[in-house]
Amino acid sequence: MAGNDTGEEPKADAALTAVEAGRLHAELSRIVTEANRAYFAEDAPILSDADYDAIKRRLLALEGRFPGLATSESPTGQVGAAPSETFAKVRHAVRMLSLENAFEDAEITDFDDRIRKYLGLGAHAPLAFTAEPKIDGLSLSLRYENGRLVQAATRGDGETGENVTANARTIADIPDPLQGADIPAVLEVRGEVYMSHADFAALNARQQATGGKTFANPRNAAAGSLRQLDPSITAARPLKFFAYAWGETSAPLAASQSGAIARLQELGFQTNDLTLRAEGPADLLAAYRRIEAGRATLGYDIDGVVYKVDDLALQARLGFRSTTPRWAIAHKFPAQLAWTRLEAIDIQVGRTGALSPVARLLPVTVGGVVVQNATLHNEDYIAGRDSRGEAIRGAKDIRIGDWVQVYRAGDVIPKIADVDLSRRPADAVPYEFPRLCPECRSDAVREPGDSVRRCTGGMSCPAQAVEKLKHFVSRAAFDIEGLGAKQIEMFFDDPVLRVREPADIFTLAARDSANPLQKLKNRDGFGERSVANLFRAIEERRTIPLNRLIFALGIRHVGETAAQLLANHYRTWEAFESTMTAATAGSGPEWQDLTDINGVGSVLAASVVTTFHQEAERAMIDRLVAHLTVQPAVPRVVSGSAIAGKTVVFTGTLEKMTRAEAKARAEALGARVAGSVSARTDFLVAGPGAGSKAKDAARLGVRVLDEDEWLALIG
Ligand code: IVH
């Protein structure tokens, strides 16, 4: 709400127009400037620290969306300011997504089938794609306004990235200004920053000679070079950039993906010259084979081939799932393999109590990276049996001393592909999976049908408690600068600092200052400055977005995506918490409401509800939240959408689009699609053959639309 001087109500900011944002920015800037004067010059603060920080964050968020607001006058000091300790955050105008992965040829024909089905296209209707190498670097979004580069941002979590504009300006492949005619007023170009093999080798040689840090592979080198606080270091690193996608544009680049790539080239970008147009899966697979055959001589790393629907109108109809587009897929190259000896099996206890077996290996190089650990998944996997105890066909049991073939694909933890039984030592015995938690000696049990054995110790198991805390401070959760895994382990065991549960983090400074001896700042590895920074970082996190808080709780099955879905649906902590408290797993209106959320299944829902009903868990959550100001969720809503926030039910046959497309369109426009009609339904969209739902709607007075009326409503 403009004019609010506490900075507490940022929920509407994301929906502001440029003019409104400019007004709000000016107003908040005035308040901050006045507060600065009161604080620094008069020593008489007019705002609490939390309010001051909240306003600053609102300003930064506004500048993230409208970079033109980040002038040298802005109190955020984003322009011409001394290098900050971290990069400023940038909220992407259009989310930066990842890609669904495929490994087998059959998955590519499935991809084509799925798209045809979604669009209601017959098996023989033309459907063209593009194929292009998947560059193994890091993605970057470049925002141009009137042809000039105004902002460069890393992908971050897809919603919010880091502002690396000064660094991007040092990359020769990134044009500024754009070239040619008819340049769109706003254009966000997306692509991959990478380093060539030759440049990587030369950089590592230089680093070694000067005693600097060497990099494991070109991608790490590119990431490390782009994320330098001092742009002159980035300038000295030979980074390159391929453009392959776009975000916000004020005018369409072309009618097709291939046309858009050609247009990006005209504007001055490097695009990959192996990109081609293909008529169907057979052509795509032929392109894949060709690109794979040439991989070794390309001079830079690629890890697969990306296929995209060529027609941009079809791309628009296909839209997105929560984190990936329906119109694209990455066909990855097979993983790299190597044989080595399994020296030991360790059991790690995770935050949900899961006992995970890890293979300790004789170190071996796989695709240029030294591998010493691999996942062994669970006890059945090691035994080569399923959860009913029956031998899995073709699977071998894995024993300490065995020679195993390890593989890694992309960033994932290395896995074991095969066991060489001919080299099994004569004295090797089957592995006995522990029945007790190796950390706390509590019983470790398996629920029927679950392949995972879990420690029953809960937060009294130190390993679970520490893992929960590590998860809590991790990057997608509270992301507290200076409080990582190492510090958590140290504070957990410390008799004075005693960080045993998340709430303790917010009383850490108080415990430290109450303790006359052994102040943190005097301990090894700490100092006055780092401790001050740590405590400040903790203070800053007393205000936390709802989705981060939900994710941070470490509830089983609730990852980042689910946390975002829950936050978007319930909007405020109060609504979320009270609904979960009132809900019973399996039935009732709250349960219905929860499981109606697209992407929330009954397993996830039951896990959340149970967590809120476990006394100890619940008390811990309450103790934590007492320290926090939880920012409401600001779902991205298409401005001007007539159905944002409305609940829609579909019934009967739709003729102009498939049910899947209708549902996805409604959700993309900010509506909720429910399975059954209730008093809270806003619209029932009824095609021919509508049955009981139409009767329910009539009884409850819910507005009923036919397909054409619906299409008119959503434009
Ligand atoms: S398209 C909405 N094309 O792969 C789709 N991505 O695994 C946007 N990548 O985050 C991505 N080469 O960093 C696309 N030719 C290419 C790519 C490519 C590399 C990366 C990109 C993305 C990741 C997804």
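Descriptive notes on the structure:
- One Cα centroid belongs to the stretch 115-139, the other to the stretch 380-420; the line between them spans 34 Å.
- Using a cut-off of 31 Å between Cα atoms, the listed pairs K213/K308; K89/K486; K89/K415 include K213/K308; K89/K415 as exceeding that distance.
- Compactness relative to 2.2 N^0.38 Å, alpha carbon Rg of the chain: 1.03
- Using only side-chain charges placed at the Cβ, +1 for Lys and Arg and -1 for Asp and Glu, the dipole size of the stretch 414-499 relative to its Cα centre rounds to 100 debye.
- Two-site FRET efficiency, E266 against R290, from Cβ-Cβ distance with R₀ of 25 Å, rounded to 0.05: 0.45
- Computing FRET efficiency as 1/(1 + (r/R0)^6) for S513 and R360, where r is the C-beta to C-beta distance and R0 is 35 Å, gives about 0.25.
- At 0.692 mPa s and 37 °C, Stokes D of the stretch 458-576 from Kirkwood alpha-carbon radius, µm² per second: 217
- Projected label distance in nm at E343 and A26, using a 7 Å step from Cα toward the beta-carbon: 6.7
- The stretch 317-344 residues near the modelled D283 label - backbone nitrogen below 13 Å, point 7 Å along Cα→Cβ: none
- Partners for K519 among aspartates and glutamates (Cα-Cα distance below 13 Å; same-chain residues under 8 apart left out): D494, E528
- The simple spin-label model puts a point 7 Å past each Cα toward its Cβ; for S232 and R388 those points are separated by 7.0 nm.
- ³J(HN,Hα) computed for each position of the stretch 125-136 - Karplus, 6.51 cos²θ - 1.76 cosθ + 1.60, integer Hz, glycine/proline x: 5, x, 8, 9, 10, 10, 10, 8, x, 8, 6, 8
- Available extension along the chain between R699 and E655 is 13.3 nm, counting 0.36 nm per residue and deducting the alpha carbon span.
- Only helices enter the 222 nm calculation for the chain: every DSSP H run of n ≥ 4 contributes -39,500 (n - 2.57), and dividing by all residues gives -10000 deg cm²/dmol, rounded to 500.
- In the chain the longest region clear of GluC sites (Glu not before Pro) that are loop-assigned by DSSP and have at most 14 other C-beta atoms within 10 Å covers 433-654.
- The stretch 479-517 versus the stretch 220-267: alpha-carbon centroid distance in Å: 41
- Placing pseudo-labels 7 Å out from each Cα toward the beta carbon at Q336 and R500 gives an inter-label distance of 4.7 nm.
- Once the Cβ-Cβ distance of E615 and A679 is raised to the sixth power relative to R0 = 41 Å, the FRET efficiency obtained is 0.75.
- Added length on full extension, which subtracts the Cα-Cα distance from 0.36 nm per residue, T214 to E107: 34.7 nm
- Cα pair distances of the stretch 439-499 binned at 10 Å [whole percent]: 22, 40, 28, 10, 0
A short reminder: the numbers here are calculations on the coordinates, not readings from a lab. Being a predicted model, the structure only gives us computed values, none of them experimental. We place every Cβ from the backbone using ideal geometry, glycine too, and count neighbours over all the protein chains shown.
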